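Below is one structure; the comments refer to it alone.
The values are calculated or read from the model by the stated rules, or taken from the named source; none is laboratory data. Since we're looking at a predicted model, the values are computed, not measured. Cβ coordinates were reconstructed from backbone atoms using ideal geometry, including for glycine residues, and neighbour counts include every protein chain displayed. The protein model used for the area step is the full one, side chains on, heavy atoms only, and it has no ligands, DNA or RNA in it. Shrake-Rupley method; radii C 1.70, N 1.55, O 1.52, S 1.80 Å.
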Amino acid sequence: MKLKENYQIIIIAKKTLWELGIEYERFIGYLWESKGYKVIYNGAVKGSADGGIDLIFISEFTTYVVQCKRWKKGSYINTDEIKKFHQNVKRFKKSNRELIGNNNLIAIFYSTVKFTSDAKKFAKRYKIDCQIKEFHTIYEYPPVKCGKTYDGKKFYCLPFDEEFDKIQLHCDIDDSYKFTIDEAERLGYQYLKYPSFYLT
């Protein structure tokens, strides 16, 4: 049975708890996780206290701070949005020196809609990378998050679980995503609602 069939009723009941923006952030985060980056789902975990930084990607030498906007078709990202993000990046840099360390800091603004010409000019001036990435449905990426506990037990959790966005995946220890619950369970993963209690 596909994930869509497994918890379609729950999605309908919980949809108001899932802001459309969080779905987009998870999609962008998944794309980077699949490349081997450590991803912090800052917006999903902290909510309105995220400081305007939705995602943080970390590699050996670079830290990326990311803003995501999932807007209706026909809208445009204007200069004001880029300016706000620029100020948020400056604040993040000042208050997160320990996290950034000696890494280069790169700012990326992801959007489902186009940027105005003035917004692109401002972004270029302040070295903000503007990316358009469309997103239509949560089924564009595998929504079952799989991992291992400290003692090697294989677990999975689902997008409506409280701790879904807190779990850090590490590709080198065979953590991954699956499209369906059945697929995860066939590979020996078992449902664990609060996996952080079992992780080191």
- For the stretch 159-174, does any single residue satisfy the condition of being open to solvent by 50 Å² or more (accessible area, probe 1.4 Å), under 18 Å from ARG70 (Cα atoms) and either in a helix (DSSP H, G or I) or without any contact (Cβ under 8 Å) to a residue 24 or more places away in the chain (or both)? no
- Any idea which residue in the stretch 126-137 is most open to solvent (accessible area, probe 1.4 Å), counting only those that are outside any strand (DSSP E or B) and farther than 15 Å from TRP71 by Cα? LYS127
- Query: Can you pull out the residues in the stretch 109-125 that are open to solvent by 90 Å² or more (accessible area, probe 1.4 Å) and closer than 17 Å to ARG70 by Cα?
  - Reply: LYS114
- Within the stretch 83-106, restricting attention to residues that are in a helix (DSSP H, G or I), of a type in the set (A, V, I, L, M) and in contact with a strand residue (DSSP E or B) (Cβ under 6 Å, 6 or more places away or on another chain), which residue is nearest to SER34 (Cα to Cα)? ILE100
- Qualifying residues in the stretch 70-91 (those that are farther than 13 Å from ILE128 by Cβ and of a type outside the set (Ser, Thr, Tyr)) - the one most open to solvent (accessible area, probe 1.4 Å): LYS73
- Message: Can you tell me which condition LEU99 does not meet? The list is (1) under 13 Å from VAL65 (Cα atoms); (2) modelled with pLDDT of 95 or more; (3) open to solvent by 60 Å² or more (accessible area, probe 1.4 Å), and all the others hold.
- Response: (2)
- Query: Are any of the residues in the stretch 62-72 more than 21 Å from LYS120 (Cβ to Cβ) and out of contact with any helix residue (DSSP H, G or I) (no Cβ under 8 Å at 6 or more places or on another chain)?
  - Reply: yes
- Subset of the stretch 42-52, residues surrounded by fewer than 22 Cβ atoms within 10 Å (Cβ to Cβ) and in contact with a helix residue (DSSP H, G or I) (Cβ under 8 Å, 6 or more places away or on another chain), comes to VAL45, ASP50, GLY51, GLY52
- Inside the stretch 125-146, can you point out the residues that are at pLDDT 90 or above, closer than 23 Å to LYS72 by Cα, within 16 Å of the chain's Cα centre (by Cα) and aliphatic (A, V, I, L, M)? ILE132
- Message: If I ask for residues that are closer than 15 Å to GLU98 by Cα and either out of contact with any strand residue (DSSP E or B) (no Cβ under 6 Å at 6 or more places or on another chain) or open to solvent by less than 30 Å² (accessible area, probe 1.4 Å) (or both), which ones from the stretch 59-69 would you list?
- Response: SER59, GLU60, PHE61, THR62, THR63, VAL65
